[in-house]
1. With a cut-off of 8 Å between alpha carbons and a minimum separation of six or more residues, what is the relative contact order of segment A:522-634 in percent?
2. Determine the dipole magnitude for chain A: charges of +1 sit on the beta-carbon of Lys and Arg, -1 on that of Asp and Glu, nothing else is charged, the reference point is the Cα centre, and the result goes in debye to the nearest 20.
3. Sort A:263-276, A:564-577 by the packing proxy (mean of other Cβ within 10 Å over each peptide's residues), most packed first.
4. How much length is gained if the chain between A:Thr8 and A:Thr487 is pulled fully straight, taking 0.36 nm per residue apart and subtracting their Cα-Cα distance, in nm to one decimal?
5. Which distance in Å, rounded to a whole number, links the C-alpha centroids of segment A:1-77 and segment A:551-594?
6. Between helix A:154-169 and chain A, what is the angle of the helix's C-alpha long axis to the longest principal axis, kept within 0 to 90° and rounded to the nearest 10?
7. Tally up the carbon and sulfur contribution to the accessible surface of chain A as a whole percent, 1.4 Å probe, everything protein left in place.
8. So if I average 1/r over every pair of distinct C-alpha atoms in segment A:199-396 and take the inverse, what Kirkwood radius in Å does that give?
Amino acid sequence: MIKQAQKTYDAKKSEQEVHAWWQASDIYNKLKRSRADAPTWFFLDGPPYASGAIHLGTAWNKIIKDAVLRYKTMRGFNVLRQPGWDCHGLPIEVKVEEKLGVKSKKDIEQVIGVERFIEECRQWALKHIALMTEQFKRLGVWMDWDSPYVTFTNDYIESAWWTLKRAHESGLLQMDLRIIHWCPRCETALAEHEIRGEYQDVRDPSLFARFKLADRPNEYLLIWTTTPWTLPANVAVCVHPDYSYARVKVDGDIYILAEALVANVMGELGVGNYQLMGLVKGKELEGLRYEPPLLEEVPKQREFQSHYRVICGEHVTLEEGTGCVHTAPGHGEEDFAVGAKYGLPVFSPVGPDGKFTAEAGKYAGLFVKDADRVILEDLERKGVLLKRGVITHPYPHCWRCQVPLIFRATEQWFLKISDIKPRILEKNSAGVRWVPDWVATRYVNGVESVGDWCISRQRYWGIPLPIWICQNCDDMVLIGGREGLATLASGPLGETDLHRPHIDRVKLRCQKCQGEMRRVPDVLDVWFDSGICSWASLGYPRHGEPFKSLWPSDFITEGEDQVTKWFYSQQAASVIAFGEVPYRLVLMHGFALDEHGRKMSKSLGNVVEPSEVIDKYGADVLRFYMLSANPPWEDLRFNWKGVDVVNRMLNVLWNVYVFATTYMALDEFDPKKIDMGKIRGHFLPEDLWMLSRTNSVTRGVTEAFEEFNIHIAARALANFVLEDLSRWYVRLVRERVWVEREDPRKLAAYVVLYQALHSLIRLLAPIMPYVTEVMYRDLVKAVDARAPESVHMLPWPSVQEAAIDAELEQGMSIARVLVEGAAAARQQANLKLRWPIGKAIVQTSSPEMVRLLRGLQSVLKGQLNCKELVLLGPEEYAAEFRLVCKPDMRSLTEKFGGLAPAIVDTVQRMDVRRLRAELRRYGFAGLQIAGQKVRISSEDVAFEEALPDGFAVAPTEFGRVIIDARLTPELKAECLARELVRRLQTMRKEQDLAMEERVDVVIGTKADEHVKLLASQQGYIAREVRAQNLRICRSEEVAGPGCVKDWNVDGDSFRLLVRRLSKS
RNA sequence: GGGCCCGUAGCUCAGCUUGGCUCGGAGCGCUCGGCUGAUAACCGGGAGGUCCGGGGUUCGAAUCCCCGCGGGCCCA
């Protein structure tokens, strides 16, 4: 049996209860089993980083995923939904360092020990996986929480090794001396994509210095730099070959700088008096020798004496500086590149900790940034420094520890992306659908500008590079898996963990010289870990299945920051491994910002935790809010008011549900026992309308989901709940369900309401999994033991096209506007809505509307609360309207002179409406005036409508509504009856009477006329308030047990009594 | 500096693809009134706008084009 629902919905309690039930009844796994034979849909979870708690953005990400996955499941797919966890890398290392109180790699290796450090990192990851899993579960996210893929397992590491082996075999892996971003705190290289978005403004020294030319007395190259600490590594000065350079004389010295920058630079230097001594092309400066300014301080520079020349490079710009660029190939990418062309030494006297090495002479042991000051002093003392200032400019920082990065030349391992870039782009454009489509452009732009991928990190908690090098002959071997390792290992391998430090202890025997091979100590960039997850998560290559039947994945979705990160790292790794792209469909989503569009951050104090929202409103509301507030791909501005609006929608949904179950329970309505053949004949227009709406909303929501317009789906559902169900259909059927007997029309309403709710809960299930489950259980499961246990096991509702009647829907929306118009007219006339009126006239603005409204007259009549409804087309007029013809005397006199008065006289005796129709139709009308034929036209007469007293009119966009506001005594009696009914209902409610309970009622009045007036309404009142006995008398006579209350009804006093009948 | 996206009422957003009879809208908030046996609900009226700014195309621009400005993400 359908049970009456609780009056209010306690989201928190219900969600906990549903969650526990899912768990206890193993619903998720039952659902999965039920789809075991269905076509698969391979969703790949972008692994969140297993450190810290989830924030609003992570919540949104999983909510989007969950909604899509639930939808796809209902569409009949066997959806793969294994969650993933990204566990390696610096963020966790940094946290563990903090926890253990260590600050450097030396501490890790010597104080803590790598073994314990790794174990701490593993524990950190495990702890946060557990924590975040619980948080995701609370959001109602259904995934395989018990069997996620985790990047630190041996199997996963093997997948990475195998992939690297593929790269090696294709010649895509290389070791090279490169200039890379280096974090002096973490003491490791950072890849290009780790720098992205990590620029912060910093204040750096800005200095002009002069380098004395070797062979020309008093002549200098003028350079500008913001990194004095790179000057000890200076080996050249670079100019642009095509630019014009000026020799500028200042106080007897001559400076060489770009012509275009002379004025600027002289201004900067505060030099007012200077002379242009001549111009020369950059190309002609090439080869000029200069004296290295820090030769004494950095003795090592003597080894480079053959250099210290002017070289040419295209990268020199005129945007800042002097056009003469201090060049240190050991500390800059462009410097490195141009240096390679000229065979310059790569001098990089800076250690991994960011301190100068012994090669830096005087500066050895100083941290580079601290050395800035010392170097500046030296330059100043030596007369090299012309000006020192300060500049604020963006500078890259370590994404984890926020320390400014430096450039260092180191040996690193790279993937040669340049070799596969064309294939990535080609496979991407052929095989991937991007939603929204413009993300494809953004992605391609990103890939085009990407360089080689530095995959080595000089750290601990990561996938070890599977590269061993012979200590004897330098031969290199790359291990693709555990078996390969066991074969070559010099000792037994056993079940060893593949992380450091264990793996470092594995020595291999060189196949060439029998020498000992040792592993390269580096670990992999974490982005490589997640890049391989589409196959690593499936256990490939260790297991051929399910990889062979599933790969590539059908769907991924992540935030917009992943466009050049995970979306890219996956494609790059996959093209290396398989020559193919690893996914078919990408939905990019936005960022969760605060309500003003700012990033949420602790320092701004604008952070909203998902748990805060859930505690207050429940997960359903948070989910619906996040899915409805925006298109997924735009940034979401979190707004508490918006959440509250969703909560109210949920409330209304619940109220509709309470309404339905209340009456259905009362009447023991059983949807299974309904003879649809019989009911069909009793459908009223509003029933057919509701069925039509149910199906067209189903269609709209389905289309929206298919296109990932999840916001449109959600908004359509909210609209359906609020407008169609609550504000209209329930209002229309209220009277019908109050009827106390078996009435086929009442059953019809139940059937329609039931169907609407049944579809609605399925459509809402992917977005609000909890409340729909509760509703499903009581509304469906309670009456049908064979129905699936959970709403989430149901198939997605199909659209019954035959039930959709576009004209009916159109007509109904017009009717609604007209009813609103009538309310406005009533307000003018001071007529309460519950007061019946005699007549309402609807004059539409087109004949089309008359047709659309014809079948809806019963609805209109009921909602307009009138005894008589007149529906008119635009050219039809109500009898109550008088059309008055106003002749234009001036116009008539001009045209007809003395005949004018006679014309007026005739016109006013004519049928005004016919005259107007004639004029409208032909533009003129013929008259017989004193035997003469006269032709008058539209401009000669005006028409005015006169509304009689007692009428009120309201215009609407579809026509106007006119109401007869005059109340006859009969109507007044009805008005009074309704006023009394309302008060009696209030009294019933106050006494907590059950809805079906009967009462005795006495109505006492001060005025005898009321007794008479109400006599005619006795039956109506008794029916409405479920009175067994109803007595109408004078107030003084009201007495007896029961609740008595005095009321004032529009100035008249009444004493009402409601007596509960003793239960028998 | 470059790429992509966004900019409409105090706030959060529809409308823009395909220019014109929902072209200036909705919800929230404010305000006045009404309704209420599903109602901690709801309904109606009102106030509130340089559709970011400036040019252009057109008979006509929130909508299309160009140039700015502001915000977000990414890249330099």
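The values are calculated or read from the model by the stated rules, or taken from the named source; none is laboratory data. Predicted model, so just to flag it, every value in this text is computed and none were measured. When we count neighbours, we look across all protein chains shown, and the Cβ atoms used for this are built from the backbone with ideal geometry, even at glycine. Just so you know, the surface numbers come from the protein's heavy atoms only, side chains and all, with ligands and any DNA or RNA stripped out. Shrake-Rupley method; radii C 1.70, N 1.55, O 1.52, S 1.80 Å.
1. Computed value for segment A:522-634: 23 percent relative contact order.
2. 2900 debye
3. Ranking, from highest mean packing down: A:564-577, A:263-276.
4. 165.6 nm
5. Centre-to-centre (Cα) distance: 23 Å.
6. Tilt of helix A:154-169: around 60 degrees.
7. After summing per-atom areas, the C and S share lands at 49 percent.
8. 16.9 Å
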